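The values are calculated or read from the model by the stated rules, or taken from the named source; none is laboratory data. Keep in mind that this is a model prediction, so the values were computed, not measured. Every residue, glycine among them, receives a Cβ derived from its backbone with ideal geometry; neighbour counts consider all protein chains shown.
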Amino acid sequence: MNYPKVSVVILNWNGKYFLEKFLPSVYNSTYPNIEFVVGDNASTDDSLSFVKENYPLVRIIQNDLNYGFAGGYNKVLEQVEADYYILLNSDVEVTINWIEPVIEMMEKNHYAAAQPKIRAYHKKTHFEHAGAAGGYMDVFGYPFCRGRILHTVEEDKGQYDDEQEVFWATGAALFVRSSAWKEMQGFDADFFAHMEEIDFCWRLKKSGYKIGYCPSSLVYHVGGGTLNTSNPKKTYLNFRNNLFMLQKNLGFTDSIAIIFIRFWLDLLALIHFIVQGKYKDAWAVSCAHQDFFINFFKNAKKRKKYLIQENKKGFYKKSIIWDFYMNKIQKFSDLSANNF
């Protein structure tokens, strides 16, 4: 096999704990044509001192400010030259031979982006929420995964050990061709964090590219390393960025209809937060909607006309919310293949 150059790029923000714990497994990767980069979002801890002292061959690129996950990677990757980038979270433990099968799959099948199998670090028998065995999207813009529907995560019993073309690949371990990254102009920096990788993959698919899942590569993800799942800021970013993404990537008529429905679904989520006593999360949903309208015209300008037929592989024609709560479907394998 010809080995294209790969740059493993870890974005860091005050993440010394995770670098100490997981950088050794990454640094011991067996791929022969590789570069290791730590991009830093203006950390105030001594994480960079740790890297310099213990891993002198790791290249460090420092940003002047904390640009978030999206803007931070954009700034760093402007200074990295390789055939493939691997955007790897600092809270990911990799396994032996985790790079080779993904690159081989991407070379063979011309995927623009791909992901390995993602299992949970703290429950290694189960898939992890952020990616599992590949990402999908329902008709109302709700993301879900093979191995994870809403908050329900499946045990990995080998049921998804087949290579698949999917709708989106996880940002926790995102393999991407550098040429495709540059063509899409990277992430949308306005997202700051959360769902920027889904928006990025959707733009790739609207340009006719393919996104892949490689089951023969395995990594373990802690999850919530920067923002805990119960953090109201995470709630705000998820609700806001989902609306941003729908406005940018749906056709004009579809975006009006889908976003109108989403407002009502989000209202139900807001009421649910109030009933649970999570008032800060309820306010976060309200703030997300306010910001959507404030940025409406800015995001409208980002909508592009694509000359290539959109690749809709991995798009689910039904509502995953309805299937989960009304049809009691909690496993991806129980979804009807006719709805994809």
Restricting attention to segment 68-107, the residues that are out of contact with any Cys (no Cβ under 6 Å at 6 or more places or on another chain) and surrounded by fewer than 21 Cβ atoms within 10 Å (Cβ to Cβ) number exactly 15
Residue under question is residue 2, and the condition is that it be within 18 Å of residue 83 (Cβ to Cβ) and not assigned by TED's automatic domain parsing to the domain that holds residue 120; does it hold? yes
Within segment 85-103, can one find any residue that is aliphatic (A, V, I, L, M), over 16 Å from residue 178 (Cα atoms) and without any contact (Cβ under 8 Å) to a residue 40 or more places away in the chain? no
Options 200, 192; residue that is more than 22 Å from residue 94 (Cα to Cα) and under 12 Å from the mean Cα position of the chain (by Cα): 200
Go through (1) at pLDDT 95 or above; (2) surrounded by fewer than 20 Cβ atoms within 10 Å (Cβ to Cβ); (3) not aromatic (Phe, Trp, Tyr) one by one and return the number of the condition residue 237 breaks. (2)
One residue is enough: does segment 144-151 have a residue meeting the conditions in contact with a Lys or Arg (Cβ under 8 Å, 6 or more places away or on another chain), outside the structural domain of residue 261 (by TED's automatic domain parsing) and under 30 Å from residue 322 (Cα atoms)? yes
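One line per residue, one yes/no per condition, for (1) under 20 Å from residue 194 (Cβ atoms); (2) of a type in the set (Val, Ile, Thr):
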| site | (1), (2) |
| --- | --- |
| 6 | no, yes |
| 13 | yes, no |
| 22 | no, no |
| 47 | no, no |
Filter result for the condition that a residue is buried (at least 24 other Cβ atoms within 10 Å of the Cβ) and either in the same structural domain as residue 83 (by TED's automatic domain parsing) or in a helix (DSSP H, G or I) (or both), over 158, 186, 171: 171
Of the residues that sit in segment 68-83 and are free of Cβ contacts under 8 Å to residues at least 40 places away in the same chain and out of contact with any Asp or Glu (no Cβ under 9 Å at 6 or more places or on another chain), which one is nearest to residue 188 (Cα to Cα)? 78
